[in-house]
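Student: The structure's right below; bear with me while I get my questions together.
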Amino acid sequence: MKFGDHLCLPYDNHDERNAVLAAFVHDGLAQGHKVVYVSDGQSAESVLGWLGDDFTEAVERDDLVIQTAEEAYMATGSFDPDEIVKLFGTELELAMIQGHKGLRLTCEKKFSLRGWPGSERFAEFEEKIEFIFQNMPVNAMALCQYDTRWFGRRPLEHLLGVHQRGNVRVDDVYDDGVLRIAPTFTPPGLALHGAVEESTFPALLRALADLGDETGHLCLDLAGLEFCDMAGLRTIIGSRTTDEGRERQILLRNPRREILDLLSMAGWEQLPGVFVEEN
Amino acid sequence: MTAAAFTRGEVLVHQALPYGSEAEFVKAGSVFLDDDTDAIVAIASVYRLALLREQLGDRLECHDATTWFETPARTLSTMVAAARERWWPHGRARVFVEPLWTGRTRTEIREWKRFECLLNVVFSETPTWLLCAYDTRRLPGDVLRDAARTHHGDGYEHPADFYASCNTTPLTPQIGPVSHRGFMRGELPSLRSFVARVAGSYGLHSTMPLVMAVNEVATNIIVHGSGRGQLMMWSDGFKVVCDLLDDNAVLEDHFLGFIPPSPDRPGGGGMWAVRQLCDLVEIRDAHPGTVFRLHLSLGNLQEC
């Protein structure tokens, strides 16, 4: 992410959210930004609990500020988009005066569903923020967290759509234009996009090795895997044994027809520990 | 081989039965398959299966030869799977089979003779008794003569020798126009697109199996061969043929790709996949180098 970005993170599991936010906070502090985290209602201790202890010092130095939405936005007893936009300007100035290079804001937007007075203007608030980011150069970036399990479909579509620069997602593990590997969270594992073949085979091996052997379940999302050679297929099936020799279950999610046919041909989809999920 | 040798342990018996009349065929089959405990299997024409079933009852497992003999590699896989799942659990398998020779090209006949030889490798040390019927009235002389080389008895040849002798026949000439493309390390994605495009232009509806097969051979050449090769493709309207040439390295073909890969045993299974995906695979010394020829039917009706 960079200054001028107003992005959203829709998520349906905390592991993915936590991974993205940990990286966001870490990168911000490393680059000399002030980071402001507005939580739905959790205390600072609670947020630090999953963000990581390394950030405690940053809180003490005031480089990282953790507030609840109530503290941040409801000082006047009512949610007022214009007031909060002004507040944003003040925060940014303060950050610069304090010697920071800029401001990183992130907010858990679930608070907007609590029915607080003025919160019916929440969409307006997002639109105003978007307007600022689009039209003024600011040494700031905003990451809006949307727990999709809580929002209705249409309101969510509208709110996500306000963020014209789009979504944030977790960094890919690997991408060379032929094969792209992204992490998955529920269950943990890898999503493969493109082609596993001679040139990309080492990257697959590395990515599997880097997963370690902590988990008893491994997800391999193959919906985006357009091509896989036999060496790749063997390696995918072979991931049911970790490098240290432990057995684990592997879930092959949405393999394409040709890949499934190849697996059936070899009889590998029936091996113990191998599960194929199609939806 | 006698029944005694058979009962001594896990040993393959693979015999040929030349016959000259319908009655001879049915009588020999009925006697051979008359056993109460072994798994009994017949693979023949539908008409003859009915005759055998009359004699032996419903315990006889029957398979229509016209559908059983798909391609040599796939038939081998099917037989191994059937033996593992249904026959060997009984202890022993007695299989009475009439292979299919009619309507085949010279190339196909050679590869099906190779199939007989491969049974000796794939089923060695298994409790299997194969009796293959050969019609002396109708089959070409070379098929009858080579049966002696691939079946136990006088004239039996070591499978490696017979297999190697099959590879001395040169490949038939390419039929123009030929589409041609060189490849080396890092160029597999564009090679795959090329194959899909050209095969599609020949009328192949589902191009992925051929793309996968060509990719495996090309990978073999890149990783285990000289690192670069040539692809030549053409079609006669009924099938598409791909030659992959490594003009430097010689790849030894010792039953290459006929043994299925095990996920726990080293050996990629690439050539095995190629033989499963294609109708026929021929490997020859290219003097210099090695050529792999892949055949895949377009699915059009064959000329009679």
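The values are calculated or read from the model by the stated rules, or taken from the named source; none is laboratory data. Predicted model only: the values in this text are computed from it and were never measured. Here the Cβ positions follow ideal geometry from the backbone for every residue, glycine too, while neighbour counts run over all protein chains shown. Note: accessible area is taken over every heavy atom of the protein model, side chains too, but ligands, DNA and RNA are not part of it. Shrake-Rupley method; radii C 1.70, N 1.55, O 1.52, S 1.80 Å.
Student: What single numbered condition from (1) on the phi > 0 side of the Ramachandran plot; (2) open to solvent by 40 Å² or more (accessible area, probe 1.4 Å) fails to hold for B:Gly227?
Tutor: (2)
Student: Right, next: Checking B:Thr172 against (1) within 30 Å of B:Asp146 (Cβ to Cβ); (2) surrounded by 15 or more Cβ atoms within 10 Å (Cβ to Cβ), only one condition comes out false. Which one?
Tutor: Condition not satisfied by B:Thr172: (2).
Student: I would also like to ask the following. Looking at the range A:253-275, which of its residues are closer than 21 Å to A:Thr241 by Cα and basic (Lys, Arg)?
Tutor: A:Arg253
Student: Is there a residue in the range B:133-142 that is hydroxyl-bearing (Ser, Thr, Tyr), assigned to a loop (DSSP other than H, G, I, E, B) and crowded, with 16+ Cβ neighbours inside 10 Å?
Tutor: So far as the range B:133-142 goes, no, none of its residues is hydroxyl-bearing (Ser, Thr, Tyr), assigned to a loop (DSSP other than H, G, I, E, B) and crowded, with 16+ Cβ neighbours inside 10 Å.
Student: Next up: Can you find a residue that is under 29 Å from the mean Cα position of the chain (by Cα), surrounded by 22 or more Cβ atoms within 10 Å (Cβ to Cβ) and either more than 14 Å from every other protein chain (Cβ to nearest Cβ) or farther than 14 Å from A:Ala209 by Cα (or both) anywhere in the range A:233-246?
Tutor: Looking through the range A:233-246, at least one residue is under 29 Å from the mean Cα position of the chain (by Cα), surrounded by 22 or more Cβ atoms within 10 Å (Cβ to Cβ) and either more than 14 Å from every other protein chain (Cβ to nearest Cβ) or farther than 14 Å from A:Ala209 by Cα (or both).
Student: Can you say whether B:His180 is touching a residue at least 24 places away in the same chain (Cβ under 8 Å), more than 19 Å from A:Ser199 (Cβ to Cβ) and open to solvent by 40 Å² or more (accessible area, probe 1.4 Å), as far as the supplied structure shows?
Tutor: yes
Student: If A:Leu252 meets every condition in (1) more than 9 Å from chain B (Cβ to nearest Cβ); (2) farther than 25 Å from B:Ile221 by Cα; (3) free of Cβ contacts under 8 Å to residues at least 24 places away in the same chain apart from one, which number is that one?
Tutor: Going through (1) more than 9 Å from chain B (Cβ to nearest Cβ); (2) farther than 25 Å from B:Ile221 by Cα; (3) free of Cβ contacts under 8 Å to residues at least 24 places away in the same chain one by one, A:Leu252 breaks only (3).
Student: Could you identify the single residue in A:Asp54, A:Asp63 that is open to solvent by 60 Å² or more (accessible area, probe 1.4 Å) and charged (D, E, K, R)?
Tutor: A:Asp54
Student: How many residues, within the range A:164-202, are within 14 Å of another protein chain (Cβ to nearest Cβ), closer than 15 Å to A:Ala223 by Cβ and not aliphatic (A, V, I, L, M)?
Tutor: Final tally of qualifying residues: 3.
Student: Right, next: Could you tell me whether any residue of the range A:5-25 is of a type in the set (D, E, K, R) and farther than 24 Å from A:Val173 by Cα?
Tutor: There is no residue in the range A:5-25 that is of a type in the set (D, E, K, R) and farther than 24 Å from A:Val173 by Cα.
Student: Let me ask something additional. Considering the range B:185-218 alone, what residues qualify as being at the interface with chain A (Cβ under 10 Å from one of its Cβ atoms), open to solvent by 20 Å² or more (accessible area, probe 1.4 Å) and not in a loop (DSSP other than H, G, I, E, B)?
Tutor: Across the range B:185-218, the qualifying residues are B:Pro189, B:Arg192, B:Met208, B:Pro209, B:Glu216.
Student: Kindly provide the set of residues from the range B:29-61 that are within 30 Å of B:Gly257 (Cβ to Cβ) and surrounded by 19 or more Cβ atoms within 10 Å (Cβ to Cβ), ordered by number.
Tutor: Across the range B:29-61, the qualifying residues are B:Ala39, B:Val41, B:Ala42, B:Ile43, B:Ala44.
Student: Continuing with the same structure: Does the range A:69-81 include one or more residues that are open to solvent by 10 Å² or more (accessible area, probe 1.4 Å), under 22 Å from A:Phe3 (Cβ atoms) and out of contact with any His (no Cβ under 8 Å at 6 or more places or on another chain)?
Tutor: yes
Student: Taking A:Glu269 as the residue in question, decide whether it is part of a strand (DSSP E or B) and within 12 Å of chain B (Cβ to nearest Cβ).
Tutor: No; evaluated as a whole, the condition is false for this residue.
Student: Hey, another quick one. Would you mind listing the helices (runs of 4 or more DSSP H) fully within the range B:18-128 where at least 3 residues are under 30 Å from B:Val281 (Cβ atoms)?
Tutor: In the range B:18-128, the matching helices (runs of 4 or more DSSP H) lie at B:65-68, B:72-82, B:106-122.
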